[in-house]
Structures are given as structure tokens and as C-alpha cells.
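Notes for the one structure printed next.
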Amino acid sequence: MLDYITSYLKSDTTPGQAGNFFWAFVYILLIFLGLSVAVIAMNWLERKILAHMQVRLGPMRVGPHGLLQPIADALKLLIKEDIMPAEADPVVFWIAPLIVVITAFTVFIVVPFGPTHAVTDMNIGVLFMLGVSSLSVLGIVTAGWASNSHYPLIGALRSSAQMVSYEIAMGLAVISAVLMTSLNTDGTGTLSMIGIVQAQQAQQTWFIFKFFPLGLIAFFVFAVAMVAETNRAPFDLPEAESELTAGFHTEYSGFRWSLFFLAEYSAMIAVSSIAVTLWLGGWMRPFPHWLTGETWDLVFSLFPGVTFVLLALITFYSTIRMPKHPYFRVQTIGLAGFGAVLGLIGLLLFVPPVRDRIQDIYWFAVKVAGFMYLYIWYRGTFPRYRFDQLMKVGWKVLLPIGLGVLIVTGILGVVLS
Amino acid sequence: MTERSSHLELEQADKTYLDSNELIINMGPQHPATHGVLRVILKLDGEKVLGTECVIGYLHRGVEKIAENRTYTMFNPYVDRMDYVAAVSNGLGYCEAVEKLLNVEAPSRAKYIRVILTELNRLASHMLWLGTHALDIGAITPLFYTFRDREEILKIFEKYCGARLTTHAFRIGGCQYETYDGFEEDVTKFLKFVTPKIDEYEQLLTTNRIWVERTRGVGVISAADCKALGVTGPVLRASGVKWDLRKAQPYAAYSDFDFEIPTGQSGDTYDRYLVRMQEMRQSLRIIEQAVGKIPDGPIMAKVPKVMKPPVGEVYHSIEAPKGELGYFIVSDGSTQPYRVRVRPPSFVNLQALDQMVRGQLVADVIAVIGTLDIVLGEVDR
């Protein structure tokens, strides 16, 4: 048994490829845990960042600077009364959020947080991700239908039309990235997520800069399509608050609603990870071929620790700035404690063995976090598209661009090889 | 649910929405984008609007009937509760109507104070419109910006008369309160503060591709239709009619000021947006001039303690932020009006909704309700 567990540590593949179920299970647990924490953090960050864009403070009351707000919200959702409309189809009504949340989490099986930090590496990785994530539309349609109500029905119809049409543009963009992987010496492309990053490593460039500006355009198509795919502003028509109250989940509340919420955010993270893997070099640190050598390796390996220490310093600064009123004593102590935890994590990340192992995951997470910030930024800036305009953008703008990029990339690939 | 049947009812009662192309949905009275308690029954074919019907009256308080049981002075605060985002304009219209009936004229200092406060209120009203309109179309940020700046106006109101929203700022015959010390400086400071802010709103929206696409060509109404339906205010002006009561039949001290009437051409939502943005700048111009040459003197005309206007009737209308706000008052010679009829701009403008959204999409209904700038307190009274 112990051999079984330790044998994997010596191999340098993913647990899925090594056939080690124990470690695969551990990875799945870790990813699930990490995702849940990420969603909670995202919830708080979105409210805070959006609030500061909109000259207000956001959550401030539950915990210092509202840090405990997501937890309070989650608790509230869990203990809420379970409401199901009398006219709803109970079985389908239950299954819908499950489909959405399961698909949203399943895609993370192939997300490569590092060369060995993935549950498994499928040779059809990208295809698997696109396929599974597009299944979530099924859950949305069933949710809208099962509610047996007008607003959710319209929301569900909008959503299905939107997801189906943007999937095509997205797929075309992905294919052009996959084509780029075949531009190596032996001319073999790959659909494997890990393979794609390794191809970028081998070609010494991120695919976003490949055949400039082709890679950039393909990335742009994907970046727009992925916002539409996850139903976020400015493409949040299925849940357009001002038009359809809440779209397909109008009739949902409590735990089932929180499943939709969880799924929405993990889907955002999932598509962002595809974008990072395909165009932004996945787990690779910036300039891996330009800034080489021992010193640069050391400098970049200090980044994770520095980030956390910086966060801790910001927290301590906020602690000092807390009001000096006895009423805020517990909050101040709590904030200082939070800062201390962050600082300890930062210090832990400076330890050489940890530092080397965490590198890949850190760079991957940072890139994904960049996308998450973009999502919030979009939401703060853009008005919402109308349904026909959304379709126009999908079919008349993104699809031809994606197709064009694909063709040009193909021709260039043939000519250059 | 009301018992009354709508003209939008489906022909066969047993048709469910799953096997029919037409769909009737209720938008409101509790809906985030109907600006209060407006209920719109929509008949849809997919996303296309085949017809609408407005159900109003959820906020009916019988303001006009209340007037018949109050003296002229006692009714004055009630008018603030109609268009509660432009309470000062309501008060101005009522006071001037009664003054016309009594045949008194407010002193010129009072008139200037009235103009300043009314124009500030127009700004506040337009800011609220902009914020909610943008929110309906999906841009959530302008709402917070406009509320931040509207706050400064409300602070001036609060300092002037103690109330922020339902101000009851004017009295029949003038103003009750002299301006507080530093009123002029406050207003001038506000003008300096708000001018770049309006540019900021425009930066966020005017050239925003999505905003333009969402508003251009949406809810078009021609000048002829506007006139036929009695639509007034920025909606009429955006259709190309240069009609502003401040110029057409100047009241208060408006004839003393130099300002322009912004007009649009196409009568769509985008033009209405531009017209209102321009109106905000023109209001700033008027306030600037008024503060500069505010005369000294009394603020109240000589009005009897117990008002008994001569038998007769009067109609007086002013340019409220939302359109022509008219008061028709009939006096029977007693201390109480025999009848007060209000011509609220929101109520009349709301009539145009059906014509503006027919054949457009659901999302446009929201945009059009926003662009009509209705306040349900005024529609239902």
C-alpha cells in the first residue's frame, strides 16, 4: 500500500497516466477544495472590486472589510427554506442544477496546473473540456423548462441559442491554437492540454504571440466567446436582471440556487484556464527562454512567497487603519490574524522544496486571476447586448474572424514547414 | 390578478404557451426595471413584442380628490408626492397656478430662487433618469456615479429647506425661506463640481458601442405621433420639435436667461439620451446666470392669510423635467379648491409606450420604459 502511494512520487507524469488512483483521488479533492475556495474568494473580490469601481465600499459589516460575507451568504443559502414552485417538474427541477455543477467541475480533470499537476492528461484534452463544458447548457435549458414559468423559459431559450452559437467561434479559435502545436520538428500536433503547453515551451513562445497578430486575433475571438459562453456581462442575457428578473434561475432559491452560482464561477475559471493553457503558456513563468539562468530562476521562484507577503502587508496596513473603537476590536484582531495567516503562507512558500513545487500552480493561478479581474471589469463597464445583436456579433463577426484566422494559420503552417 | 380581460388575451383559452408561438407575460408590478409599480402585459412572439398593455393605479392615492378637502395652502405639500424625484418642479407649478388664480405675482427675488432650485431639481431628476436608464440597459456603474452627484444637489435642498426629496420649497406668493448664508457659493461650487462629472457620464456611455447599438433606432416615435399622443418634454424634443414651455410661455424668471433648447432628429432612444444630457448642461447655464444676478428684495408677495380666490378657473403649466406639468384649478370662491386636475407628463408620455415598442424586442421594452422617464407616483397620483 505504502509502495503504491510512494511509487507515484518518483514518476513524473500525472496520476491518471501513472494509473495511480490514490493520488488521482487526492488531486481531485485538492482541486475541489481549491475551486471552492476560489469561488468564495471570487465572490468577495467581485463585490469589493466592483464596489470600488462604483465609488462605494461593498461588504464591510460581516467580518473585517466584509471578509466573512461569502461565508455568511453560503450559510444563509444552505439554511434557507427549500422552495419549489407548485407547477414545476420536481425531478427535472432537481436534476438541472446538478447537471450544471457536475459539468462545471468535471472539466477540471484535464486542466494542467503544472506538467504533473493535473488529474490526468487525455490525448483529447481540449475536446473533452469543450465538450463537457458545453453540456452545461443542457442543465440551463432543463432548469428553464422545469420551472414552468415564463421568465425562466425565455432565459433558457436565450441561453441555449447563445451558447450554441458562441461555441462555434470558440471551437474555431481553439483549432487554430491546436494547429500551432503541430509546428514542431516532427510535425505532430496535439489536443492534450499538457501537450499544448509543452508545444509552447518547445516553440519558445506563447501562442498569443505566434504569427503575430494571428495568435492574438484567435485569442481575442476566444476571449470574447468565453465571456458569452459563461453568460457574463456584457453577454449576460440569460440572466438579464433588468429584463428577465433572473433568467433561467428565477424560480430557484437556497441550496439549488447556490449550485448555479458555484457552477457559474467554476465555469468562468474553467474557460479562463483553457485560454491560459492555449494562448498564455499555461504554467510557464514569464520569459522562460529570455530570462534564463540560475539567478532568474531564483527571482521568479520567489514570486509566490512575495505575493502572499505583499497581501499580508496590505492586510496589516488595513489593520492599522481600522477604527480605534472598542466595537471594532474583534474585527481588528481578526484582520490581523488573517494577515498573519497570509504572511505565514508567504513564508512557507519561500522554503526551497515548496517553492519549486508551487511554481507552476502559482503562475497558472495568476494568469487565471487576470482573466477573473477582466470579467469583473467588463461587468463594471459595459451595458448589456440585445439578443439579436449578440447573435450578430457571434455569427457575423466572431465566426468569420475565427474561420479566417484558422485558414491563414493553416496556410502559414504549411508554408513554413 | 385583475378580473378585467386584456385586449391581448390569446384567442383560445386552452392554449398553453408550450404549444403556441404567442406568449403573454406580465412585466411588473414587481419587476426590477419598471421604475416602481408599473405593470406591463406583453404579448410576445418569441422575443418580439406584438403588443403591450399598461396596467396602472398601483400607487393611486387620490391626490386630486384630497385637494378638494384641503385649503390651497394645505394642499401644497401633497404635490411634492406626485413626481417625488422632481418635487420642486411640482411645487413651482402648483404655486404659480394658484398665484394666477389669486392674481398675485411673486417678487423677483423669489422667482430667481425658484428658478435656481427648479433647475437644480431638473438636474437631479435627469441624473436619476440616467442612472436607472443605464442600469436597465445593463451598465450598472453610471447609477452610482449619478447618485453620488445627485447627493450634492439634495444637500443644497436640505440646507435650504430641511428636506431632501419632498422639499415643499415654495409657498403661494413666493418662498417661505430666505436663502441661507453661503447659498450662492454652494451653488457655484456645485456647478464647478458637476460639469466634469457630466463629461464623465458621457465618456462612459455616449460613444460606447454597446450603448449606441442598444439605443439607436430603438423606440422611435415621430414628431407627428408625439403631438397626436400629447407627448411632451425631452421625448418630444428628441423627435425634432423645438417646444419648451420655458421659452414658449416663459414663467417664473425664465425670460431673463439665455439658454438653448436642445433637440434631436430621429426620435429614438439615443437622441432622447443626448437631448437630456444637453438639457443638463443648459440647466447648468441657467443656474449660473441666475446665481450671478439674483436680485435683493422681499421673497413673499402680499397674500391673504386665508386664501379665497375669486370664482373661476385657471390652467397653468410649466416645463417639468419630464414634460409639460399642468395644473387646472377650479375655484368656487371658498377656501378650498372645487377641483384640481393635474396633467402629469409621465402619465401622458406613458401612452406612447405601446406605439414605441410594437415590433421590437423584449429588451427594448425595458430601454423604452427607461427612456420615457416615468415616475409612477405621478402616473397614478
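Brief remarks follow.
- Only lysines eight or more places from B:K43 in sequence, or on another chain, were considered; those with a Cα closer than 19 Å are B:K15.
- Eligible aspartates and glutamates near B:K308 by straight Cα distance, threshold 15 Å, same-chain separation 8 or greater: B:E68, B:E99, B:D332
- Signed unit charges on C-beta, dipole axis of region A:273-396, positive-most listed residue A:T319, A:P383, A:L302: A:P383
- Annotation: amide H of B:G28 within the under-5 Å range of B:V40, sequence separation 5 or more or interchain, hydrogens built in the peptide plane.
- A protection proxy built from the mean count of other Cβ atoms within 10 Å ranks the segments B:150-160, A:282-292, most packed first, as B:150-160, A:282-292.
- Highest average first, the peptides A:201-207, A:326-332, B:39-45, A:152-158 ordered by how many other beta carbon atoms sit within 10 Å of their residues are A:152-158, B:39-45, A:201-207, A:326-332.
- Of B:K159/B:K293; B:K189/B:K293; B:K155/B:K293; B:K65/B:K227; B:K100/B:K302, those spanning more than 18 Å from alpha-carbon to alpha-carbon: B:K159/B:K293; B:K155/B:K293; B:K65/B:K227
- Here the label points at A:M60 and B:M74, each 7 Å from Cα along the C-beta direction, are separated by 4.4 nm in the simple model.
- Across region A:305-311, rounded Karplus estimates of 3J(HN,Hα) from the backbone phi angles (6.51 cos²θ - 1.76 cosθ + 1.60, θ = phi - 60°) give x, 4, 4, 5, 5, 4, 4 Hz, Gly and Pro being marked x.
- Spatially proximal lysines relative to A:K210 (Cα-Cα < 23 Å; intrachain offsets below 8 disregarded): A:K367
- Residue order, fewest to most beta carbons within 10 Å, for B:M27, B:M127, A:M122: A:M122, B:M27, B:M127
- Partner shielding of B:208-218 amounts to 3, given as the average count of beta-carbon atoms from other chains within 10 Å of each residue beta-carbon.
- Added length on full extension, which subtracts the Cα-Cα distance from 0.36 nm per residue, A:D82 to A:Q203: 38.2 nm
- Per residue, the average separation of C-alpha pairs within less than 8 Å and at least 6 apart gives region B:201-283 a relative contact order of 35 percent.
- Within region A:1-97, GluC sites (Glu not before Pro) in DSSP loop having at most 10 other beta-carbon neighbours inside 10 Å: A:E81, A:E87
- Acute angle (nearest 10 degrees) that the helix B:141-161 long axis makes with the longest principal axis of chain B, alpha-carbon atoms: 20 degrees
- Taking other residues whose beta carbon is less than 14 angstrom from the beta carbon of B:D256, and scoring Lys, Arg as +1 and Asp, Glu as -1, yields +4.
- For region A:73-143, the Cβ-based charge dipole about the Cα centre amounts to some 200 debye (Lys, Arg positive; Asp, Glu negative; other atoms uncharged).
- Size of charge dipole - region A:1-98 - debye, nearest 20, with Cβ of Lys, Arg +1 and Asp, Glu -1, no other charges: 540 debye
- Test item: B:132-139 mean partner chain Cβ contacts at 10 Å: 5
- Computed from Cα atoms, the angle from the helix B:108-137 axis to the main principal axis of chain B rounds to 20 degrees.
- Amide H partners (placed H, <5 Å) of B:R343, local residues excluded: B:G326, B:Y327, B:F328
- Gained length - A:D388 relative to A:T106, 0.36 nm times residue gap less alpha-carbon distance: 98.3 nm
- Shielding by other protein chains, B:361-371, mean Cβ within 10 Å: 4
- Theoretical ellipticity at 222 nm over chain A - DSSP helices of four or more residues, -39500 (n - 2.57) apiece, nearest 500: -22500 deg cm²/dmol
- Relative to the longest principal axis of the Cα atoms of chain B, helix B:183-205 runs at roughly 20 degrees.
- Amide H partners (placed H, <5 Å) of B:Y338, local residues excluded: B:V330, B:S331, B:D332
- Charge tally for B:R358 (other residues, Cβ to Cβ under 11 Å; Lys, Arg +1; Asp, Glu -1): 0.
- At full extension, B:K48 and B:A163 could sit 37.0 nm farther apart than now, given 0.36 nm per residue minus the alpha carbon distance.
- Label sites at B:K293 and B:D181, each approximated as a point 7 angstrom past Cα along Cα to Cβ, lie 2.9 nm apart.
- For chain B, adding -39500 (n - 2.57) for each run of n ≥ 4 DSSP H residues and dividing by the number of residues yields -14500 deg cm²/dmol at 222 nm.
Rule-based calculations on the coordinates, nothing more; no lab input. Everything quoted here is computed from the prediction, not taken from an experiment. Cβ coordinates were reconstructed from backbone atoms using ideal geometry, including for glycine residues, and neighbour counts include every protein chain displayed.
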